[in-house]
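First the structure, in the form of structure tokens, and then the observations on it.
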């Protein structure tokens with residue numbers, strides 16, 4: 001596969017938790033490259049000509065994900081992660097000047113902290129896990145069945161292990 005450029009945009013609007021956004025942008029790029037090498041032909045990108053992939057991360061709190069869930073998904077609860085997979089979910093696969101915008105991943109950092117404490121992992125590991133999960137959704141992978149869930153989580157774990165996380 002040819003070398004592609006990856007643009008990851010990141011914004012943290014949760015004032016109570018500072019994160020190293022550059023570190024997590026780098027992790028996101030490495031995770032995407034891992035997925036591209038491992039399962040490109042099964043992804044929503046297969047069959048399209050492009051030289052750049054872009055996507056966004058918004059870090060916020062669970063109050064914001066609750067608000068977004070209610071407004072856009074008709075679900076009345078806060079989420080740890082919400083993914084808007086623009087390219088994967090669109091009937092018309094829009095590519096502008098060779099660039100594909102995969103969409104946006106929204107992550108509640110307070111939920112990341114809660115989950116890391118529950119699981120006995122670090123905050124950084126839990127955040128990397130959710131980043132890798134969001135990228136799977138951006139690439140068109142879902143987990144409606146237990147088999148799909150096991151596939152998605154298994155690949156996420158493989159991706160993180162490949163990065164030493």
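The values are calculated or read from the model by the stated rules, or taken from the named source; none is laboratory data. These figures come from a predicted structure and were not determined experimentally. Cβ coordinates were reconstructed from backbone atoms using ideal geometry, including for glycine residues, and neighbour counts include every protein chain displayed.
Could you check, for region 115-137, whether at least one of its residues is out of contact with any strand residue (DSSP E or B) (no Cβ under 6 Å at 6 or more places or on another chain) and under 18 Å from residue 41 (Cβ atoms)?
Yes: region 115-137 contains one or more residues that are out of contact with any strand residue (DSSP E or B) (no Cβ under 6 Å at 6 or more places or on another chain) and under 18 Å from residue 41 (Cβ atoms).
Being in contact with a helix residue (DSSP H, G or I) (Cβ under 6 Å, 6 or more places away or on another chain) and surrounded by 12 or more Cβ atoms within 10 Å (Cβ to Cβ) is true for just one of 9, 14. Which residue is that?
14
Condition check ((1) modelled with pLDDT under 95; (2) in contact with a helix residue (DSSP H, G or I) (Cβ under 7 Å, 6 or more places away or on another chain); (3) within 27 Å of residue 48 (Cβ to Cβ)) across all residues:
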position: 84; (1), (2), (3): no, no, yes
position: 90; (1), (2), (3): yes, no, yes
position: 113; (1), (2), (3): no, yes, no
position: 162; (1), (2), (3): yes, yes, yes
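Would you pick out the residues in region 18-55 that are free of Cβ contacts under 8 Å to residues at least 24 places away in the same chain, closer than 21 Å to residue 109 by Cα and in a loop (DSSP other than H, G, I, E, B)?
Passing the criteria: 18, 20.
Mind counting the residues in region 30-60 that are surrounded by fewer than 16 Cβ atoms within 10 Å (Cβ to Cβ) and touching a strand residue (DSSP E or B) at 6+ places or on another chain (Cβ under 8 Å)?
Qualifying residue count, region 30-60: 4.
Is at least one residue of region 145-160 in contact with a strand residue (DSSP E or B) (Cβ under 7 Å, 6 or more places away or on another chain) and either crowded, with 17+ Cβ neighbours inside 10 Å or part of a helix (DSSP H, G or I) (or both)?
The answer is no, given that none of the residues of region 145-160 is in contact with a strand residue (DSSP E or B) (Cβ under 7 Å, 6 or more places away or on another chain) and either crowded, with 17+ Cβ neighbours inside 10 Å or part of a helix (DSSP H, G or I) (or both).
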